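Here is the structure we will look at, set down as structure tokens.
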Amino acid sequence: KMKESMRRNVFLRTVQYKDGEPYGIVNLHLASDIYERDPNAFLQRTALSVLAGWKDVDIRHAHQTVVIGSANPTTADFLRIALGTPTAECRCVAIDGKGVAIYVADITYRSEVIQLHIDLLANSRGPQRRSERSRLPAELRDHRTEAPAPELRGCDCYHPKIGIIVRWVAPAGTI
């Protein structure tokens, strides 16, 4: 029997487009047993949206790291940008209940499709209550509660302990 940590993975690469223009490159390693449940779903929709729809998949931990980088020759070619243009390089990892990474994606976005909002006072001990300091800005709060436009939907990720909001500006169903 293969050890859980030695599971086979499936590699998927996509270039994501909006209005005919590329905005992101996704290099995904997905646990093969997850992929084999519904291969067509992973070929038609983003992997995270597929995983999020499966209530029986136990995701215990998920994190994302964002690094500001620059376009190498391959990235520049895929994204149709100049060599050395700033990019956002993201590593997204989802770990199951057994401690095994079932989803590892390296995603490179054009710099103009990502915005970071960092609340520098999120952990301060000022007179305001923490819940008042760490609220989402109005434009992001409205975005999360109102129905998004069908062509465009951001995906706001917020970590209240450190006060960081990452807002992706991408077509619906592509992030």
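Restricting to region 1-42, name every residue that is in a helix (DSSP H, G or I), open to solvent by 30 Å² or more (accessible area, probe 1.4 Å) and modelled with pLDDT of 90 or more.
The answer is D33, Y35, P39, N40.
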Quiz prompt | Single residue of D58, D106, D96, D119 found to be in contact (Cβ under 8 Å) with a residue 24 or more places away in the chain, loosely packed, with under 12 Cβ neighbours inside 10 Å and charged (D, E, K, R) | solution = D58
Quiz item: Could you say whether any residue in region 40-48 is out of contact with any Ser or Thr (no Cβ under 8 Å at 6 or more places or on another chain), charged (D, E, K, R) and farther than 13 Å from I107 by Cβ?
Solution: yes
Exercise. Looking only at region 78-107, count how many residues are closer than 19 Å to V66 by Cβ, outside any strand (DSSP E or B) and either among the charged types (D, E, K, R) or within 18 Å of the chain's Cα centre (by Cα) (or both).
Key: 1
Practice problem: Being among the aliphatic types (A, V, I, L, M), out of contact with any helix residue (DSSP H, G or I) (no Cβ under 9 Å at 6 or more places or on another chain) and not in a helix (DSSP H, G or I) is the filter here, so list the residues in region 67-77 that pass it. | Solution: V67
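The values are calculated or read from the model by the stated rules, or taken from the named source; none is laboratory data. Just so you know, these numbers come straight off a predicted model, no measurement behind them. For neighbour counting, all protein chains shown are included, and Cβ atoms are generated from backbone atoms with ideal geometry for every residue, glycine included. Heavy atoms of the whole protein, side chains included, go into the accessibility calculation; ligands, DNA and RNA do not. Shrake-Rupley method; radii C 1.70, N 1.55, O 1.52, S 1.80 Å.
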